[in-house]
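A short worksheet on the structure shown next.
The values are calculated or read from the model by the stated rules, or taken from the named source; none is laboratory data. All figures in this text were calculated on a predicted structure; none of them were measured in a lab. With ideal geometry, Cβ positions are generated from the backbone for all residues, glycine too; neighbour counts draw on all protein chains shown.
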Amino acid sequence: MRDFSTDHRWLSINTATVRRQRGADWPLLDILDACAARGIRAVSPWRDQVAAAGLDATAHALKSHGIELSGYCRGGMFTYTDAASRQAVRDDNRRALDEACTLQAPCLVLVVGGLPGALAGQPAHRDIASAREQVAEGIAALLDDARERRMPLAIEPLHPMYAADRACVNTLRQALDLCERLDPPMAGPPCLGVAIDAYHVWWDPELDSQIARAGAQRRVLALHVCDWLVPTIDLLTDRGMMGDGIIDLPRLRGQVEAAGFAGYAEVEIFSTRWWAHDGGEVLDTCIARHRSVV
């Protein structure tokens, strides 16, 4: 297991962590400036932030600062209600793939979607099995383009509390079953893998064996870290800073690294508590906690 205690060369910042500080959006290009000033070598930006800054301007800023990506957030949301929405989903995912290629991301992270319409508050039906088949169909269609562009896709299983509206793939086993079904193991590196987010998978009784399974197939593409607070007062915007909750992050990272992952530990914290702080203070805290508790 790598020693993070002396530097933060393997720290990445998911830009949602500092997207809105003290009631105002923190522009992506300013976030990149602040990361570069602190020697943070990698980020994972969100598509809406890139769109606001401009794709070309973002690519230029990343190159100028020498900042890499640990992933690109996000593709997915594959479920649909009719032919028109199905086509819209596919078109949007192809755009996400193109953006990931322009920014030279190591993978496009997929949050697969739940029951169609549920995120807007009006689910079209209650058939989660059907939603999961639509997810498989959508990933299969995107895989053709991903292989052509040599851009890996990373399925991110989300905690079951998000099954209805954000992701009906909720365990690492489910994600890996999809990987094997759609992108069977071959001689070369797979194009479909997983993003392992501590917040979403820490509770899973099968986690150890499924991380080992992912490693055996070289499918671990990203590691996201934060913490689970007790109590958690909001299911979306009350993630904890590393060390403030109950997740054994060193153990999890050790398992992921034993499975062959040697990339960045990406801090992804959706938190109104931390969005109330100065952005620079949040980045400094991420650096300190990355060294001490990740």
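Quick one: would you say V169 is in contact with a helix residue (DSSP H, G or I) (Cβ under 7 Å, 6 or more places away or on another chain), free of Cβ contacts under 8 Å to residues at least 60 places away in the same chain and closer than 23 Å to Q210 by Cβ? The answer is yes for V169.
Can you name every residue in segment 192-228 that is under 16 Å from the mean Cα position of the chain (by Cα) and closer than 21 Å to L143 by Cα?
Initially, segment 192-228 is screened for residues under 16 Å from the mean Cα position of the chain (by Cα), giving 192-202, 219-227.
Passing the criteria: L192, G193, V194, A195, I196, R219, V220, L221, A222.
The numbered conditions (1) within 17 Å of the chain's Cα centre (by Cα); (2) modelled with pLDDT under 95; (3) not aliphatic (A, V, I, L, M) are all true for P189 except (1). For segment 160-208, taking the residues that are charged (D, E, K, R) and over 27 Å from G245 (Cα atoms), the one that is surrounded by the fewest Cβ atoms within 10 Å (Cβ to Cβ) is identified as R181.
Yes/no per residue for (1) farther than 20 Å from D145 by Cα; (2) at pLDDT below 95; (3) touching a Gly at 6+ places or on another chain (Cβ under 8 Å); (4) charged (D, E, K, R):
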residue: H60; (1), (2), (3), (4): yes, no, no, no
residue: K63; (1), (2), (3), (4): yes, no, no, yes
residue: C73; (1), (2), (3), (4): no, no, no, no
residue: T79; (1), (2), (3), (4): no, no, yes, no
residue: D82; (1), (2), (3), (4): yes, no, no, yes
residue: R94; (1), (2), (3), (4): no, no, no, yes
residue: L97; (1), (2), (3), (4): no, no, yes, no
residue: Q104; (1), (2), (3), (4): no, no, no, no
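Restricting attention to segment 260-273, the residues that are touching a residue at least 40 places away in the same chain (Cβ under 8 Å) and either surrounded by fewer than 21 Cβ atoms within 10 Å (Cβ to Cβ) or over 19 Å from the mean Cα position of the chain (by Cα) (or both) add up to 4.
For first residues located in segment 106-133 and without any contact (Cβ under 8 Å) to a residue 24 or more places away in the chain, partners that are of a type outside the set (D, E) and surrounded by 16 or more Cβ atoms within 10 Å (Cβ to Cβ) and lie 6+ apart or on another chain with Cβ distances below 8 Å form the pairs H125/L115; H125/P116; R126/L115; D127/L115. Here is the figure for segment 245-259: residues that are buried (at least 19 other Cβ atoms within 10 Å of the Cβ) and either more than 21 Å from P205 (Cβ to Cβ) or among the basic types (K, R) (or both) total 1.
Quick grid of which residues meet (1) surrounded by 14 or more Cβ atoms within 10 Å (Cβ to Cβ); (2) touching a helix residue (DSSP H, G or I) at 6+ places or on another chain (Cβ under 9 Å); (3) among the polar types (S, T, N, Q); (4) free of Cβ contacts under 8 Å to residues at least 60 places away in the same chain:
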site	(1), (2), (3), (4)
D7	no, yes, no, no
L11	yes, yes, no, no
R19	yes, yes, no, no
A24	no, no, no, yes
I31	yes, yes, no, no
S64	no, yes, yes, yes
